[in-house]
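Let me begin by presenting the structure, written as structure tokens, before commenting on it.
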Amino acid sequence: MTNTTNVATNSADIVAVSAMGAIVNPAFSALPAEPYRLKSDGTAFLWPTFGGIVYNVSTGDSAFGWSGDCIHPSVSIAHADANKNRGLNVFACVGNIATIVSGAAKGAKGIVTGKSGRFSDQVIVHFDMETRRKLAVDDKIMVRAEGVGMSLPEHPDVSMKSLSPALFDLLPKKAEDGVLKIGVTGIVPPHFVGAGAGLTSEGGSLHIQSTDRATLKDLGLDALRLGDVVAFQDTDSRYNHGYLRGAMSIGIVGQTDGPRAGYGPGCTIVMTAPSGQLGCYDAPNTNIAPLLEIVQ
């Protein structure tokens, strides 16, 4: 069991609300006419990408090595109405319970493990393998969305993002000299921040660039797993993601690596602070799969 210090939250005041989505089909843009994408070296590739039901990649597995482009483990959901999908993407939080409400697996429960898609347009939900085999594209899934509005009375400068109160309580953490420190598996320097920079921090993902494999290994980031907790140095994610010296953001790896320049494992940011109020410490193997007792 990971050692953690209790940190007070306003959990009694947080509103839990339903948010509906349906399993989405993997898709390609209508243009360009060909489906190929380009690797960082300029060569073309055609691999599976995000969306659909993924039968053999789960939270807890390696974030690297798959013949896929930013794969979402398990299941990706969205709402067909753009405004309603925005509500789903903003209000769903990592660690929320999701219930299947239609189809052959009706009644089965899963756990939100990330947010992603091209522009914050999908939510990632883990279901065990037996449940996945019963699912179909367009099956409806209801998320008990709880976490938006969470704050820390003793650490008011730390902004909470897309994180359920239950998962926050489980994360390894400690408070030292007024600084909230989170246990992480790795630290991402600012020059390794990739796709997602400049976009909203209320949904979607922030990517760890992985084109430079030698430096990735030197940083100890080449062994990251889906579900690992990581820190982003000098990254301010209060309203969107951007460089700010002294800032820090904490993320959870939600999707796999990909071969395109500027991409790599995609992370859902769950907390951030602008000037030293948030820190981190080395806590190897900190991963939401064992914390949430995720069943493969």
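The values are calculated or read from the model by the stated rules, or taken from the named source; none is laboratory data. Because the structure is a prediction, the values reported are computed rather than measured. Note that each Cβ is placed from the backbone with ideal geometry, even for glycine, and that neighbours are counted across all protein chains shown.
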Return yes when residue 204 is surrounded by fewer than 17 Cβ atoms within 10 Å (Cβ to Cβ) and modelled with pLDDT under 95 and no when it is not. no
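Do we find that residue 174 is under 26 Å from residue 52 (Cα atoms), among the basic types (Lys, Arg) and either surrounded by fewer than 16 Cβ atoms within 10 Å (Cβ to Cβ) or in contact with a strand residue (DSSP E or B) (Cβ under 7 Å, 6 or more places away or on another chain) (or both) in this structure?
On the way: under 26 Å from residue 52 (Cα atoms): no; among the basic types (Lys, Arg): yes; either surrounded by fewer than 16 Cβ atoms within 10 Å (Cβ to Cβ) or in contact with a strand residue (DSSP E or B) (Cβ under 7 Å, 6 or more places away or on another chain) (or both): yes.
No.
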Please work out which residue is nearest to residue 258 (Cα to Cα), limiting yourself to the range 22-37 and to residues that are surrounded by 11 or more Cβ atoms within 10 Å (Cβ to Cβ) and aliphatic (A, V, I, L, M). 27
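Restricting to the range 119-139, count the residues that are surrounded by fewer than 17 Cβ atoms within 10 Å (Cβ to Cβ), in contact (Cβ under 8 Å) with a residue 24 or more places away in the chain and more than 14 Å from residue 22 (Cβ to Cβ).
Total satisfying the criteria: 5.
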Would you confirm whether or not the range 38-47 contains a residue that is among the aliphatic types (A, V, I, L, M) and surrounded by 21 or more Cβ atoms within 10 Å (Cβ to Cβ)? no
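Evaluate the range 108-115: report whether one residue or more is buried (at least 23 other Cβ atoms within 10 Å of the Cβ), more than 20 Å from residue 255 (Cβ to Cβ) and in contact with a strand residue (DSSP E or B) (Cβ under 7 Å, 6 or more places away or on another chain).
Of the residues in the range 108-115, the ones buried (at least 23 other Cβ atoms within 10 Å of the Cβ) are 110-115.
Still in the list and also more than 20 Å from residue 255 (Cβ to Cβ): none.
No, the range 108-115 contains no residue that is buried (at least 23 other Cβ atoms within 10 Å of the Cβ), more than 20 Å from residue 255 (Cβ to Cβ) and in contact with a strand residue (DSSP E or B) (Cβ under 7 Å, 6 or more places away or on another chain).
So which residues in the range 163-188 are touching a helix residue (DSSP H, G or I) at 6+ places or on another chain (Cβ under 8 Å) and under 17 Å from residue 232 (Cα atoms)? Reasoning before the result, please.
First, pick out the residues of the range 163-188 that are touching a helix residue (DSSP H, G or I) at 6+ places or on another chain (Cβ under 8 Å): 165, 167, 170-171.
171 - this is the single residue of the range 163-188 that is touching a helix residue (DSSP H, G or I) at 6+ places or on another chain (Cβ under 8 Å) and under 17 Å from residue 232 (Cα atoms).
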Single residue of 110, 103 found to be touching an Asp or Glu at 6+ places or on another chain (Cβ under 7 Å) and at pLDDT 95 or above: 103
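Residue by residue, here is whether (1) buried (at least 24 other Cβ atoms within 10 Å of the Cβ); (2) under 21 Å from residue 95 (Cα atoms); (3) of a type in the set (A, V, I, L, M, F, W, C); (4) assigned by TED's automatic domain parsing to the domain that holds residue 116 holds:
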site	(1), (2), (3), (4)
209	no, no, no, no
219	no, no, yes, no
235	yes, no, no, no
240	no, no, no, no
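For the range 1-33, how many residues are without any contact (Cβ under 8 Å) to a residue 24 or more places away in the chain and assigned to a loop (DSSP other than H, G, I, E, B)?
Quick first cut of the range 1-33, residues without any contact (Cβ under 8 Å) to a residue 24 or more places away in the chain only: 1, 12, 28-33.
Next, only the ones that are assigned to a loop (DSSP other than H, G, I, E, B) stay: 1, 28-33.
Going through the range 1-33 one residue at a time, the tally reaches 7.
Residue-by-condition table, conditions (1) of a type in the set (S, T, N, Q); (2) within 15 Å of residue 23 (Cβ to Cβ); (3) surrounded by fewer than 16 Cβ atoms within 10 Å (Cβ to Cβ):
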site: 106; (1), (2), (3): no, yes, yes
site: 117; (1), (2), (3): no, yes, no
site: 141; (1), (2), (3): no, yes, no
site: 159; (1), (2), (3): yes, no, no
site: 162; (1), (2), (3): yes, no, no
site: 180; (1), (2), (3): no, no, no
site: 187; (1), (2), (3): no, no, no
site: 195; (1), (2), (3): no, no, no
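Considering 172, 165, 156, which residue is without any contact (Cβ under 8 Å) to a residue 12 or more places away in the chain and not small (Gly, Ala, Ser)? If you could, list the steps in order and put the result at the bottom.
Details: 172 fails: without any contact (Cβ under 8 Å) to a residue 12 or more places away in the chain; 165 fails: without any contact (Cβ under 8 Å) to a residue 12 or more places away in the chain.
None of the others qualify; the one that does is 156.
This table checks each residue for (1) at pLDDT 95 or above; (2) of a type in the set (Gly, Ala, Ser); (3) more than 19 Å from residue 120 (Cβ to Cβ).
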{"site": "26", "(1), (2), (3)": "no, no, no"}
{"site": "32", "(1), (2), (3)": "no, no, yes"}
{"site": "36", "(1), (2), (3)": "no, no, yes"}
{"site": "56", "(1), (2), (3)": "yes, no, yes"}
{"site": "62", "(1), (2), (3)": "yes, yes, yes"}
{"site": "67", "(1), (2), (3)": "yes, yes, yes"}
How many residues, within the range 62-89, are under 15 Å from the mean Cα position of the chain (by Cα) and surrounded by fewer than 18 Cβ atoms within 10 Å (Cβ to Cβ)? 1
Scan the range 34-47 and give yes if some residue there is assigned by TED's automatic domain parsing to the domain that holds residue 106, touching a residue at least 24 places away in the same chain (Cβ under 8 Å), of a type in the set (Gly, Ala, Ser) and not in a loop (DSSP other than H, G, I, E, B), otherwise no. no
